[in-house]
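Visitor: Quick one: the structure is below, questions incoming.
The values are calculated or read from the model by the stated rules, or taken from the named source; none is laboratory data. The model shown is predicted, which means the values in this text are computed figures rather than measured ones. Here the Cβ positions follow ideal geometry from the backbone for every residue, glycine too, while neighbour counts run over all protein chains shown.
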């Protein structure tokens, strides 16, 4: 990137600035050409491309170098915003790798195999990025995580562990949405047109990346929590103690996500206040347990996992920017 400095000039009632000759020449522009100007609060960008950006294609030579594998290679290309991913080989692609490629496309939202023969496989991203809203993706991730956590709470109350078996599969959908959001965020950083469509500043884009990562980690923790509950043999008294403080965590999650998406600082403060109250309850339970001669390690582990989930909601609320006058 080259930086140029120009002085503003007033001609008639207009304020003008000249464009660098080097940039004009590099893009083969003249006085009859049109350019696209995108404005943000503190900056603007000038583009020569007025239509939709060209497709980004990448060709992956098969077999891959030693130490590389096909799934992370395709996933990496997806996250980098490539629209067409072509796997090209001089010899037939193995059945194992073909199945791995099909499996990877199922885990990546919008990706479909559009062409395939013995030595070539073409995978294309079929969604229009301008129609995908980062807020909706984050809401989708949050909704799935909340449903998973609600089943954990219900299990603590009823003792029925049936629904806990399905939680790991639902976490896979959180991961799918997470990859889609990361792809969209990276595309937005490279294409200011998208940033304007979504009305996101650079700091907002970064915060969405952090919030999405926090939700993805929370989903993994809820899976770990559910698996531990399935294997545990806690007493009804212990289950009730967990339920008494964990039941309030659903409200904290809802307020944290809503405050982040709407940039509502008052709602964020309320979520943080509830989180602190919850931490106090957990600390009292832990103190009571530590005073006893016999301590259930499984119970302590579950408390720790609930704390990790609780901290995730608090971290998202902390991203909401304070209002400064």
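Visitor: For the structure I just gave you, tell me whether residue 258 is free of Cβ contacts under 8 Å to residues at least 40 places away in the same chain and closer than 20 Å to residue 43 by Cβ.
Guide: On the way: free of Cβ contacts under 8 Å to residues at least 40 places away in the same chain: yes; closer than 20 Å to residue 43 by Cβ: no.
For residue 258, the condition - free of Cβ contacts under 8 Å to residues at least 40 places away in the same chain and closer than 20 Å to residue 43 by Cβ - is not met.
Visitor: Would you mention how many residues in segment 81-103 are over 17 Å from residue 61 (Cβ atoms) and in contact with a helix residue (DSSP H, G or I) (Cβ under 8 Å, 6 or more places away or on another chain)?
Guide: If we filter segment 81-103 for residues that are over 17 Å from residue 61 (Cβ atoms), which is where we start, we get 81, 83, 95-96, 99, 102-103.
Then drop every residue that is not in contact with a helix residue (DSSP H, G or I) (Cβ under 8 Å, 6 or more places away or on another chain), which leaves 81, 103.
Summing the residues that are over 17 Å from residue 61 (Cβ atoms) and in contact with a helix residue (DSSP H, G or I) (Cβ under 8 Å, 6 or more places away or on another chain) in segment 81-103 gives 2.
Visitor: Right, here's the next one. Please determine, by comparing only the residues of segment 196-208 that are under 19 Å from residue 321 (Cα atoms) and in a helix (DSSP H, G or I), which one is nearest to the chain's Cα centre (by Cα).
Guide: 208
Visitor: Something else about it: For segment 80-99, which residues satisfy the criterion of being assigned to a helix (DSSP H, G or I) and buried (at least 16 other Cβ atoms within 10 Å of the Cβ)? Give the steps one after another, and end with the answer.
Guide: If we filter segment 80-99 for residues that are assigned to a helix (DSSP H, G or I), which is where we start, we get 95-99.
If the condition is that a residue be assigned to a helix (DSSP H, G or I) and buried (at least 16 other Cβ atoms within 10 Å of the Cβ), then 97, 98 are the ones that fit.
This table checks each residue for (1) out of contact with any strand residue (DSSP E or B) (no Cβ under 7 Å at 6 or more places or on another chain); (2) farther than 27 Å from residue 2 by Cα; (3) modelled with pLDDT of 85 or more; (4) not in a loop (DSSP other than H, G, I, E, B).
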{"position": "45", "(1), (2), (3), (4)": "no, no, no, yes"}
{"position": "60", "(1), (2), (3), (4)": "no, yes, yes, yes"}
{"position": "68", "(1), (2), (3), (4)": "yes, yes, yes, no"}
{"position": "71", "(1), (2), (3), (4)": "yes, yes, yes, yes"}
{"position": "77", "(1), (2), (3), (4)": "no, yes, yes, yes"}
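Visitor: Are there any pairs with C-beta distances below 7 angstrom linking a residue in segment 220-237 that is without any contact (Cβ under 8 Å) to a residue 60 or more places away in the chain to a residue that is surrounded by 18 or more Cβ atoms within 10 Å (Cβ to Cβ), with the two at least 6 apart or on different chains, and if so which?
Guide: 220/171
Visitor: Also, quick follow-up: Which condition breaks for residue 220 when tested against (1) in contact with a helix residue (DSSP H, G or I) (Cβ under 7 Å, 6 or more places away or on another chain); (2) in a helix (DSSP H, G or I); (3) modelled with pLDDT under 95?
Guide: (3)
Visitor: While we're looking at this one, here's another question. Would it be correct to say that residue 232 is surrounded by fewer than 22 Cβ atoms within 10 Å (Cβ to Cβ) and either more than 18 Å from the chain's Cα centre (by Cα) or within 16 Å of residue 136 (Cα to Cα) (or both)? Break it down stepwise before answering.
Guide: Working: surrounded by fewer than 22 Cβ atoms within 10 Å (Cβ to Cβ): yes; either more than 18 Å from the chain's Cα centre (by Cα) or within 16 Å of residue 136 (Cα to Cα) (or both): yes.
Judged against the criteria, residue 232 is a match.
Visitor: Do we have residue 62 as touching a residue at least 12 places away in the same chain (Cβ under 8 Å), crowded, with 17+ Cβ neighbours inside 10 Å and over 29 Å from residue 197 (Cα atoms) here?
Guide: On the way: touching a residue at least 12 places away in the same chain (Cβ under 8 Å): yes; crowded, with 17+ Cβ neighbours inside 10 Å: yes; over 29 Å from residue 197 (Cα atoms): yes.
Spelling it out, residue 62 is indeed touching a residue at least 12 places away in the same chain (Cβ under 8 Å), crowded, with 17+ Cβ neighbours inside 10 Å and over 29 Å from residue 197 (Cα atoms).
Visitor: Within segment 104-121, work out how many residues are out of contact with any helix residue (DSSP H, G or I) (no Cβ under 7 Å at 6 or more places or on another chain) and not in a loop (DSSP other than H, G, I, E, B).
Guide: Summing the residues that are out of contact with any helix residue (DSSP H, G or I) (no Cβ under 7 Å at 6 or more places or on another chain) and not in a loop (DSSP other than H, G, I, E, B) in segment 104-121 gives 6.
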